[in-house]
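Okay, structure first, notes after.
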Amino acid sequence: MTRKIQSSYFALILVLFFTTCIPPVQDPPQDPRSFDVPDTDLLDLGVALPYFVDFMYALDKTHLTHLMEDDGPYTVFAPVQASFSIFRTENMINHLDEYPTDKLADILRYHFIQGEWTLTDIPSGYHASLLPERTTGNYIDLYIEKHDVFRINGLNTIDEPDLATSNGYMHSINTILTIPSMLDHLRVNGDFSLIKEILEREDLDQDLINSISNADPVTLFAPTNKAILSFLGTQPSWETVHDIPSELLNDILRNHLIIHHNIVLNNLKKDTSLITESDKEITFRIDYPDWSVLGPSKKLANLTIRDIQAANGIIHQVDRVLLPE
């Protein structure tokens with residue numbers, strides 16, 4: 001008995017000795033992409049991930065790092081390293097320091113939108129960035145589609161989604177987004193394909209057409225495809241937009257344009273009237289939340305989407321072609 005007790009006691013001493021000598025088991029290092037700590041913000045995430053080095057450098061260079069620390073919340077589409085390599089090559093520079101700081105700041109602001117959105121939750125449609133249009137301060141829009149794949153301004157650009165922090169989400173993207181012109185917005189939204197086709201007709205007044213690209217800013221009332229097809233149906237001989245006589249089409253386009261003004265409809269009062277390039281009056285009817293515009297022909301067109309902001313102007317979608325008197 002005594003030897004058994006002595007043996008057990010000796011074994012216990014050995015166990016205690018080796019237990020105290022073995023270092024405690026450490027928790028595995030936390031993946032910096034999956035933060036649960038409430039005070040971990042977008043800045044912490046950007047600094048932690050090596051493929052955001054150029055993005056974070058650009059934010060610091062343009063004094064925009066504070067956006068990553070603000071309460072927001074913001075959703076950031078953050079370009080990865082490879083996209084900055086392409087950007088330097090396209091702009092024939094070796095370093096971001098060679099690119100104009102003010103232009104770089106504009107590009108970066110265009111990659112932020114308000115709110116904290118996962119790719120699953122964010123709705124399709126237009127989302128205001130943090131980049132203001134220069135004449136009114138209205139924020140320039142991104143266009144997001146969620147059909148077969150997730151697209152921003154027509155590009156399938158998502159690299160790694162849903163990087164969560166305390167003040168928003170980051171989604172890494174594999175290209176640097178281009179700030180869109182009005183024509184860019186028309187190109188990427190399939191519901192504007194017919195008005196885009198009309199604007200490409202070479203037999204129209206090219207000064208009028210060029211004003212959409214060159215007059216800064218411009219307000220365009222853009223009819224939907226359905227509206228243009230309905231107009232085509234008024235003449236049996238018209239099968240495509242190329243069958244509409246150019247003189248008539250020039251007159252119609254002037255009803256849809258206000259040049260040298262960026263008209264933000266959400267700033268207008270009820271029954272405001274404006275003069276278009278046709279020197280004809282159009283009047284806005286507001287019955288919240290519905291908006292409509294009374295054209296020169298005294299027929300109402302519903303404003304189905306308002307204030308699609310581009311860099312050089314603004315687009316308002318209408319469900320009827322604004323015909324002459």
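The values are calculated or read from the model by the stated rules, or taken from the named source; none is laboratory data. Note that the structure is a prediction, hence the values are computed from the model and not measured. FYI the Cβ positions are ideal-geometry reconstructions off the backbone, even for glycines, and counts take in every protein chain you see.
List pairs: first residue in the range 200-224 and in contact (Cβ under 8 Å) with a residue 40 or more places away in the chain, second residue small (Gly, Ala, Ser) and buried (at least 22 other Cβ atoms within 10 Å of the Cβ) anywhere in the structure, Cβ distance under 7 angstrom, at least six positions apart or on different chains.
Pro217/Gly313; Val218/Gly313; Thr219/Gly313; Leu220/Gly313
Out of the range 145-166, which residues are closer than 26 Å to Lys103 by Cα and crowded, with 20+ Cβ neighbours inside 10 Å?
Those that are closer than 26 Å to Lys103 by Cα and crowded, with 20+ Cβ neighbours inside 10 Å: Ile152, Asn153, Thr157.
Look at Asp106 and say whether it is closer than 18 Å to Ile152 by Cα and either touching a Gly at 6+ places or on another chain (Cβ under 6 Å) or assigned to a helix (DSSP H, G or I) (or both).
yes
Condition (residue is at positive phi and modelled with pLDDT of 95 or more) applied to the range 45-59: is it met by at least one residue?
no
Consider Leu131 carefully, then state whether it is part of a helix (DSSP H, G or I) and of a type in the set (A, V, I, L, M, F, W, C).
Here the answer is no, as Leu131 does not meet what is asked.
Taking the range 86-142 on its own, how many of its residues are among the hydroxyl-bearing types (Ser, Thr, Tyr) and free of Cβ contacts under 8 Å to residues at least 60 places away in the same chain?
Looking only at that region, the number is 7.
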